[in-house]
Amino acid sequence: MERVDIKVGFNCNNHCVFCVQGRKRETLPSKSKKEVVDSLQEAFAAGKREVVFTGGEPSLHTNFLELIAAAKKIGFEEIQIQSNGRIFAYPDFCVRAIRAGATQFGPSLHGHNAKIHDSLTAAKGSFEQTTRGIKNLKKLNQFVLTNSVITSSNYKFLPELAKVLVDLGVDQFQFAFVHILGSAKENEKWLVPKKSEIMPYLKKGLEIGLKAGKRVTAEAVPFCFLRGYEQCVAEDIMPKTSIYDSNFTVADYGDYRRNSGKEKAAKCRSCKYFSRCEGPWKEYPAIFGWSEFKPVKK
C-alpha cells in the first residue's frame, strides 16, 4: 500500500544530538487539527492507505488522539505512530491510542543502555521510559517496529542493542545510518563514523535479529557494504510515500531520495546493484569521499 507521512509539528521532549529536524522546533508551530485532517483527506483521495504520524514528537500535539481517530474514520488501513517512545510508558495512553485507531507503533531506541541512549537523546530517563513503553505495547499485542540511528557513540554496541530489541519482543527493527543534516550537521565532527568502521557490528546486529525471526533492515547503507545481507537494505522494501512537511509536500519520497537527497559515484555504474541502489545521502561523501565504496562485480 502507498503511504503518507504527516509531520504534525516539531515539538519534542528529547533533544537528540543527531536530529535531522535540527532547530525547527524553535521556529515552526504545530499544525492545526484542520490542516492535518485536510492533508489526511487529500492523501486518501490520492490512493494512500497507510499513514505515519511523525514530527518532532507527534504525541505532543494537542489534538493527537483526535488525529488518529480522524485517520481511522477517513479509512486508512494502517495508522502508525513514529515516536521517541516515551509516551508509551503510560499504559493509559497506549490503550487510548489503540482505541482511537493506531495499528503500528514506531518507537526509537538508540542504545542498549541508559548511558548511551540518554546521552544521544539529551534526555535523562528516556531509555527507561522508551523500553517500558515497548513492553507496555507488546503486553497489548501491538505491532512494534523500532528505529535506531547509528552514530560514533553507539555503533560498537549494535549487537548488544539488537539483543535488547529481541528480548523486548519488537516485531521489526531498523538501524539507520545518521543523516548529516540538522543537529547531526552541527555535531558531525564527533558524531559521524565511517561506514566501513560500523560494518562488523552492524552485520552482527542484523544477524541477531534474523536468527530471532525478526524483520531487520539497514537504512542509508548501500548494497556494497551489506554483502551477505542484501535482503536487509531498507530502501529496497520502502513503500511509495508522500510527505506533508511543515510548509511543503514531497509527492514521492523515493524520487526525492534517488534524484536529490542521495548520490552515486561514477564507479558505481559498474556495480551489479547500480539500478537498485540509491547510494548514500550526499552529505556523507562530501565529508569522507568515495574510497570506501567498492562496486560489486556483475
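Every read-out reported here was derived from the displayed coordinates using simple, explicitly stated rules and does not represent laboratory data. In this text, all values refer to a predicted model and were calculated from it rather than measured experimentally. Methodologically, a virtual Cβ is constructed for each residue, glycine included, from the backbone with ideal geometry; neighbour enumeration extends over all protein chains shown.
Just a few scattered comments:
- Hydrodynamic radius of the chain per Kirkwood, over alpha carbon pairs, in Å: 19.6
- Pairwise FRET efficiency - Asp236 versus Phe93, Cβ, R0 = 45 Å, nearest 0.05: 0.85
- Kirkwood estimate for region 1-108, i.e. one over the average of 1/r between Cα atoms, Å: 13.9
- Against the chain, whose longest principal axis is taken from its Cα atoms, helix 195-211 shows a tilt of about 60°.
- In this Cβ point-charge picture (+1 for Lys and Arg, -1 for Asp and Glu), the chain has a dipole of about 700 debye about its Cα centre.
- Each peptide in 84-90, 37-43 gets a packing score, the mean of other Cβ atoms within 10 Å over its residues, and the list from highest to lowest is 84-90, 37-43.
- For the chain, the cysteines with no partner cysteine C-beta closer than 4.7 Å are Cys12, Cys94, Cys224, Cys232, Cys268, Cys271, Cys277.
- For the peptides 249-258, 119-128, 103-112, the ranking by mean Cβ contacts within 10 Å, running from highest to lowest, is 103-112, 119-128, 249-258.
- Placing unit charges on each Cβ (+1 for Lys and Arg, -1 for Asp and Glu) gives region 4-86 a dipole about its Cα centre, and among Leu40, Leu65, Asn13 the Cα reaching farthest toward its positive end belongs to Asn13.
- Region 25-47-region 128-193 distance, computed between alpha-carbon centres (Å): 27
- Excluding same-chain neighbours fewer than eight residues apart, the aspartates and glutamates reachable from Lys135 by a Cα-Cα span under 15 Å are Asp92, Asp167, Asp171.
- Rounded to the nearest 500, the helix-only mean residue ellipticity at 222 nm of the chain stands at -10000 deg cm²/dmol, with each DSSP H run of n ≥ 4 adding -39,500 (n - 2.57).
- Sequence ranges 285-292, 52-59, 176-183, ranked by mean other-Cβ count within 10 angstrom, highest first: 52-59, 176-183, 285-292
- Histogram of C-alpha separations across region 129-187, 5 Å bin width, %: 4, 17, 25, 20, 15, 12, 6, 1
- Overall size of region 172-298 from C-alpha positions, given as principal axis extents largest first: 42, 33, 33 Å.
- Farthest towards the positive end of the charge dipole of the chain, among the residues Gln80, Leu168, Tyr253, is the Cα of Leu168, using unit charges on the Cβ of Lys, Arg, Asp and Glu.
- Acute angle (nearest 10 degrees) that the helix 33-45 long axis makes with the longest principal axis of the chain, alpha-carbon atoms: 60
- Length gained when the stretch Ser246-Asp38 is fully extended (0.36 nm per residue, less Cα-Cα span): 73.5 nm
- When both bridge partners sit in the chain, DSSP labels roughly 10% of those beta bridges antiparallel.
- Degrees separating the helix 158-168 axis from the principal Cα axis of the chain, which is the longest one: 30
- Between region 57-104 and region 198-242, the alpha-carbon center distance in angstrom: 27
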